[in-house]
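Taking it in order: structure first as C-alpha cells, then the write-up.
The values are calculated or read from the model by the stated rules, or taken from the named source; none is laboratory data. Everything numeric in this text was worked out from a predicted model, so none of it was measured. Every residue, glycine among them, receives a Cβ derived from its backbone with ideal geometry; neighbour counts consider all protein chains shown. Quick note on the areas: whole protein, heavy atoms, side chains included, nothing else; ligands and nucleic acids left out. Shrake-Rupley method; radii C 1.70, N 1.55, O 1.52, S 1.80 Å.
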Amino acid sequence: MADILSLVFRTFTSPAGLKKQLPVRPPPPAAGSSLLLGDPDLSRSMLLLAAVTAASELGMRVVFFTQTQIQSLPVSLQRCFSYPRTLEELLLQVASLHESTNTCPTPPSLIIVDRLEGFLCGAGGSNHSGSHPAQLSCAAHLSALLCDTAAFLTQVLGQRGSNSGPCRFIVSFLSEVDTGQGSKDPSGTDPLLDVLDRYFQVRCTLDRDRGYGAAAAGVQEAWHVYLSGRGITEASFTKGCEEKPWFLTFFPPEHKAESTCSLPLDQGCQTHFSSGSTFT
C-alpha cells in the first residue's frame, strides 16, 4: 500500500503546490501487504482513495471488503465492493478469489479489507479483546489466507502477462491501544497487532497532532502519517518516507483554505494534496 498511497497523493496533488506536475506512473512491485492503523473514518477515506486511484489510474482490478455500506460509489467501482457480515463470510469470499480466476479474464491485483477489528469482534464468542486465543488464531488465519491468495493471484497475473501485478492487499485495523482500552500487558501493546505484524510488510500509522500549533493556525484536524516495516526498505517509490512522515491538515468548512497533505519526495521537496470533502 505504501507505493499506492504515494501515487494517490501525487495523482490528486494541487498544481499550485508544485513547480511542475509529476507524471502518474505504476508503482514498483514492493511493499505488497500493508496494515493501516488509526482513526477508522480517515482510514476508510484513504482506502477508498487507494481503490479509486488503483482502478482509474492503473487499470487494476480491485476487490474491497467492508461491513459498512458505501454510498455514492462511481458506477465503475460498484462491482468491486463486497459486504461480508461475519469473519466466516469474509474468509469464504477471500478464498473464492482463487476460483474466480477460472471465470474472470482479469484477476484482482488489489485486495482491501476495511475495519478488520469489526470482523474479529465476537470471534470465539467474545468481544474485541486481543488476549482471547480464538481471536489471535482467527487474525493469523485470515492474514495467512490473504498472503496465500495474493501470492496465487500474483502467479496468475504473471502467467497471463498482466502489467497490474503483483497482487497487493491492504487491511485497516483499529487496535485496543488506539481506542484507549489498551491491554493488560504492561508494555501497552495489543496482542492482536503483534500477530498481524508478522504477516504485513508495511505498517501505516495515522497519529493525530494535538499540539497548539495546529489550533493556532485555524486547522480543524492535523494528522501525521508514519510508514514503517520491512517493506519500506524495499520500496524505492517511497524512499525517505520512513524518516519523514506525511502530514494531513483539515480546515473547518467555512475556511477558504483547502485541506492539504504534505509528504516528502525523493528530491526533498513537498507537494500538497487537495482533499476537498473526501475525508469528511
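Condition (residue is modelled with pLDDT of 90 or more and in a loop (DSSP other than H, G, I, E, B)) applied to the range 171-185: is it met by at least one residue? Working first, answer last.
Quick first cut of the range 171-185, residues modelled with pLDDT of 90 or more only: 171-174.
With in a loop (DSSP other than H, G, I, E, B) added as a condition, the list becomes 174.
Yes: one or more hits.
Testing A50 on (1) free of Cβ contacts under 8 Å to residues at least 24 places away in the same chain; (2) surrounded by 15 or more Cβ atoms within 10 Å (Cβ to Cβ), one condition comes back false. Which one is that?
Every condition holds for A50 apart from (1).
Could you figure out which of (1) under 30 Å from N102 (Cβ atoms); (2) in a helix (DSSP H, G or I); (3) modelled with pLDDT under 95 isn't true of T149?
Just one mismatch for T149, condition (3).
Buried (at least 21 other Cβ atoms within 10 Å of the Cβ), in contact with a Leu (Cβ under 7 Å, 6 or more places away or on another chain) and modelled with pLDDT of 80 or more: does that describe V195? Let's see the steps before the verdict.
Numbers: buried (at least 21 other Cβ atoms within 10 Å of the Cβ): no; in contact with a Leu (Cβ under 7 Å, 6 or more places away or on another chain): yes; modelled with pLDDT of 80 or more: yes.
So V195 does not fit the description; no.
Quick one: in the range 46-77, which of the residues that are in contact with a strand residue (DSSP E or B) (Cβ under 9 Å, 6 or more places away or on another chain) and among the β-branched types (V, I, T) is farthest from S34 (Cα to Cα)?
I70
All but one of (1) more than 19 Å from L136 (Cα to Cα); (2) modelled with pLDDT under 75; (3) more than 18 Å from the chain's Cα centre (by Cα) hold for A222, so report the exception by its number.
With respect to (1) more than 19 Å from L136 (Cα to Cα); (2) modelled with pLDDT under 75; (3) more than 18 Å from the chain's Cα centre (by Cα), A222 is out only on (2).
How many of the residues in the range 108-125 are at pLDDT below 90 and open to solvent by less than 20 Å² (accessible area, probe 1.4 Å)?
1
Residue by residue through the range 147-163, note down the ones that are out of contact with any Gly (no Cβ under 6 Å at 6 or more places or on another chain) and among the hydroxyl-bearing types (S, T, Y).
T149, S162
Kindly list the number of the only condition in (1) crowded, with 16+ Cβ neighbours inside 10 Å; (2) over 18 Å from the mean Cα position of the chain (by Cα); (3) among the small types (G, A, S); (4) at pLDDT 85 or above that fails for S143.
The one condition S143 does not meet is (2).
Scanning the range 63-116 for residues that are without any contact (Cβ under 8 Å) to a residue 12 or more places away in the chain and in a helix (DSSP H, G or I), which turns out nearest to the chain's Cα centre (by Cα)?
Q78
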